[in-house]
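Read through the structure below, which is laid out as structure tokens, and then see the notes.
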Amino acid sequence: RQNERRRLRAMSEYRISEILPTDRRGMDQVNSLLEKEGIRRDKNLDYTVGLYDENYRLAATGSCFGNTLRCMAVDSDFQGEGLLGQLISHLTEYQYGRGNFHLFLYTKCSKAMFFKDLGFYEIARSDGEAVFMENKKSGFADYLKRLVQETDESGAVPSRSGLPVGAVVMNANPFTLGHQYLLEKAASACSLLHLFVVSEDASLVPFPVRFQLVKQGISHLSNVVLHKTGSYLISNATFPSYFLKDEDSAICSHARLDVFQSIAKALSVSVRFVGEEPFSQVTGLYNQVMISEAEAGGGPSVTVIPRLEQEGHTVSASLVRSLIHDGRLEEIRSLVPETTYRYFTSEEAAPVVQAIQDSPQVIHY
């Protein structure tokens, strides 16, 4: 009898509709469905839909954020009717429509096989928590190959043998003397240092500017290889909590899904350097997770480098942004390399300076 009900229901039309954040009733239904299926609703969503039956009961839901698919669930009363495939098809079409062709998703470990059947491939997993997947079969493998090729073609000159290969990941929003100090310390402790600059454009200082200022600020370090993170390291795909406020559990969950172990293996990295983080809760928690994972034998060791202090102040990008926001450009001179200072006092930087001054929030969460 149950199979007959499902057959009849499958013959009926399901309607898919967008659920706006202002639709309190619709969002309550989404929350109830996700809770029923053991899924936490991500706070970082920019598009949500529901699949409704002929009686306007919510049978399935799914969302997007940036180039990711999130919070997908089919009510257990409606499972077995191919609704997940319909949901994925709609969300994929929506993403393509806004120019996102390389897609990522998070799912429960127990559901990964369903998404594999729908054309997604596993990148990383945090056992008992989530699996991170993409819709390109060789996407991550191709990224690793590019990193190796960049290293071979970089012209970087390894320092004396016997030292480890290291890595640093930074946003540099913007590049300060603190960043430069960290990199000088790390480079002196390594034969070769891989520097990954966060390439997601979710910061007040645009990526092309950040990348150029980093490149200029490390020109004296001959053993550093510069890389772009792409979508695989600290991006809205892999770690949205870095850019948007979220609860601590979500931050830690994203950090545990870090794909850096695979990157480290491809580049023979055995130590990762991070700056001491007294200001940003997100980065502080991320560092804690990295250290815990390393101590448990998961990936490279982690070395924390104390923050640089100038005139009794800890040098930070947040402080630099605050000074720019308040129109105190001259005061950043003691906090940033000359190349960074020259940029921010140039006509070219006027739109970026204006964006910082117009922003209601310049301090990193």
When both residues are 6+ apart or on different chains and their Cβ atoms are under 9 Å apart, which pairs have a first residue that lies in segment 28-47 and is free of Cβ contacts under 8 Å to residues at least 24 places away in the same chain and more than 20 Å from Glu129 (Cα to Cα), and a second that is among the small types (Gly, Ala, Ser) and crowded, with 17+ Cβ neighbours inside 10 Å? Asp46/Ser63; Asp46/Gly66
Reported set for segment 118-136 where residues are over 22 Å from Leu34 (Cα atoms) and open to solvent by 70 Å² or more (accessible area, probe 1.4 Å) is Tyr121, Glu122, Lys136
May I ask you to list the residues in segment 17-66 that are farther than 16 Å from His90 by Cβ, surrounded by fewer than 17 Cβ atoms within 10 Å (Cβ to Cβ) and charged (D, E, K, R)? Asp23, Arg24, Arg25, Asp28, Glu35, Lys36, Arg40, Lys43, Glu54, Arg57
In this structure, does Gln361 turn out to be at pLDDT 75 or above and not in a loop (DSSP other than H, G, I, E, B)? no
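Looking at Glu309, is it open to solvent by 20 Å² or more (accessible area, probe 1.4 Å) and at pLDDT below 90? Before you say what the answer is, go through the steps one by one.
Working: open to solvent by 20 Å² or more (accessible area, probe 1.4 Å): yes; at pLDDT below 90: yes.
So Glu309 passes the test.
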Could you pull out every one of the helices (runs of 4 or more DSSP H) wholly within segment 130-229 that has 2 or more residues that are of a type in the set (Val, Ile, Thr)? 139-153, 207-217
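Only one of Asn55, Asn44 is under 19 Å from Glu13 (Cα atoms) and either in a strand (DSSP E or B) or at pLDDT below 90 (or both). Can you tell me which? Spell out the reasoning first.
Working: Asn44 fails: under 19 Å from Glu13 (Cα atoms).
Every option except Asn55 fails the conditions.
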Exactly one condition in (1) open to solvent by 30 Å² or more (accessible area, probe 1.4 Å); (2) touching a Ser or Thr at 6+ places or on another chain (Cβ under 8 Å) is false for Arg70; which is it? (1)
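The values are calculated or read from the model by the stated rules, or taken from the named source; none is laboratory data. Quantities reported herein were computed from a predicted structural model and do not represent experimental measurements. Glycine gets a Cβ as well: all are built from the backbone with ideal geometry, and neighbour counts include every protein chain shown. Remember, those area values only see protein heavy atoms, side chains included, never the ligands or the DNA or RNA. Shrake-Rupley method; radii C 1.70, N 1.55, O 1.52, S 1.80 Å.
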